[in-house]
1. Given the condition more than 20 Å from V95 (Cβ to Cβ), in a loop (DSSP other than H, G, I, E, B) and among the acidic types (D, E), answer yes or no: does some residue in the range 48-61 qualify?
2. Could you grab me the full set of residues in the range 33-67 that are within 21 Å of the chain's Cα centre (by Cα), farther than 30 Å from T179 by Cβ and open to solvent by less than 90 Å² (accessible area, probe 1.4 Å)?
3. When you go through (1) modelled with pLDDT under 90; (2) part of a helix (DSSP H, G or I); (3) of a type outside the set (K, R) one by one for M166, which number turns out not to apply?
4. For V195, all conditions in the list (1) in contact with a helix residue (DSSP H, G or I) (Cβ under 8 Å, 6 or more places away or on another chain); (2) within 28 Å of K58 (Cβ to Cβ) hold save one; what is the number of the exception?
5. List pairs: first residue in the range 71-85 and at positive phi and assigned to a loop (DSSP other than H, G, I, E, B), second residue open to solvent by 10 Å² or more (accessible area, probe 1.4 Å) and of a type in the set (S, T, N, Q) anywhere in the structure, Cβ distance under 9 angstrom, at least six positions apart or on different chains.
6. So which of S90, S80 is within 30 Å of G183 (Cβ to Cβ) and either more than 17 Å from the chain's Cα centre (by Cα) or exposed (fewer than 11 other Cβ atoms within 10 Å of the Cβ) (or both)?
7. Condition (residue is closer than 28 Å to L222 by Cα and touching a helix residue (DSSP H, G or I) at 6+ places or on another chain (Cβ under 9 Å)) applied to the range 116-123: is it met by at least one residue?
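The values are calculated or read from the model by the stated rules, or taken from the named source; none is laboratory data. Remember, it's a predicted structure, so these values are computed and weren't measured experimentally. Neighbour counts run over all protein chains shown; Cβ positions are idealised from the backbone, glycine included. Just so you know, the surface numbers come from the protein's heavy atoms only, side chains and all, with ligands and any DNA or RNA stripped out. Shrake-Rupley method; radii C 1.70, N 1.55, O 1.52, S 1.80 Å.
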Amino acid sequence: MSDHEVGSREEWLAAREELLRREKEHTRLGDGLARQRRELPWVRVEKEYRFATDEGTKTLAELFDGRSQLLVYHFMFGPSYEAGCPTCSSSADSVNGVLAHLNARDVTMLYVSRAPLEKLQAYKRRMGWSFPWVSSADSDFNFDFGVSQTEEQAREMIRPMAEAGMPPVITHLASASGTDPVGYLSEAPGLSAFVLVAGTVYHTYSTTARGLEFLMGYYPILDRAPKGRDEGDASQFWIRRHDEY
């Protein structure tokens, strides 16, 4: 027997009306935040980054693929990984299906990781994805945009965690990615946005951590289910690659 409050249809309608008012406020706030993102100052990308792609080496400008806007997801698949991060993989499932719609709005979206291109290609085939995925193994791209660090830096970062007892979720995700905590935490997820104007690339926006949740299509759906996300303190433990459930 559930201990959740049970009421009449009239009580539900009244409560739903109040919730709808707040949901509309949330929508309007989201519209305002979107406008502020677009109003951020642009920063010219001065460095000539090069990436390994399925079609050979390309510059950042060439990754736009003839469009004026580029969204880059920094996927956690470092040099020591044997498989992509399960959490990044779960969000990639959602994005893979919307590429045609993004392209129709003059937006190219692709994924970038520091693992060798051959590893990325093999994992992409396993997952059944079609989005472009490039390797930044031979450039500073991920480092410059704050989503990668050296193993020495990662080791220094996790030393306090290791002394206090490594968080089980880190050990779990590292093992699921075929690496150790140091190798795993040398990478972080992120999204970076760029615009191409008269041959010049500008960085316009970046986000990370829970700022990436909008890409995890299952979360907003679960938020509307009776039990919500139902995660407790195990938010990263239940997520699997789609072929592992």
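1. Checked against the condition, which is being more than 20 Å from V95 (Cβ to Cβ), in a loop (DSSP other than H, G, I, E, B) and among the acidic types (D, E), the range 48-61 yields at least one hit.
2. L33, A34, L40, F64 - these are the residues of the range 33-67 that are within 21 Å of the chain's Cα centre (by Cα), farther than 30 Å from T179 by Cβ and open to solvent by less than 90 Å² (accessible area, probe 1.4 Å).
3. Of (1) modelled with pLDDT under 90; (2) part of a helix (DSSP H, G or I); (3) of a type outside the set (K, R), only one is false for M166: (2).
4. Among (1) in contact with a helix residue (DSSP H, G or I) (Cβ under 8 Å, 6 or more places away or on another chain); (2) within 28 Å of K58 (Cβ to Cβ), the lone unmet condition for V195 is (1).
5. Cβ pairs passing all conditions: none.
6. The unique qualifying residue is S80.
7. Within the range 116-123 (the criterion being closer than 28 Å to L222 by Cα and touching a helix residue (DSSP H, G or I) at 6+ places or on another chain (Cβ under 9 Å)), the answer is yes, since at least one residue qualifies.
The rows are residues; the columns are (1) over 16 Å from S91 (Cβ atoms); (2) surrounded by fewer than 16 Cβ atoms within 10 Å (Cβ to Cβ).
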| position | (1), (2) |
| --- | --- |
| L185 | yes, no |
| G199 | yes, yes |
| H203 | yes, no |
| E213 | no, yes |
| D223 | no, yes |
| D233 | yes, yes |
| D243 | no, yes |
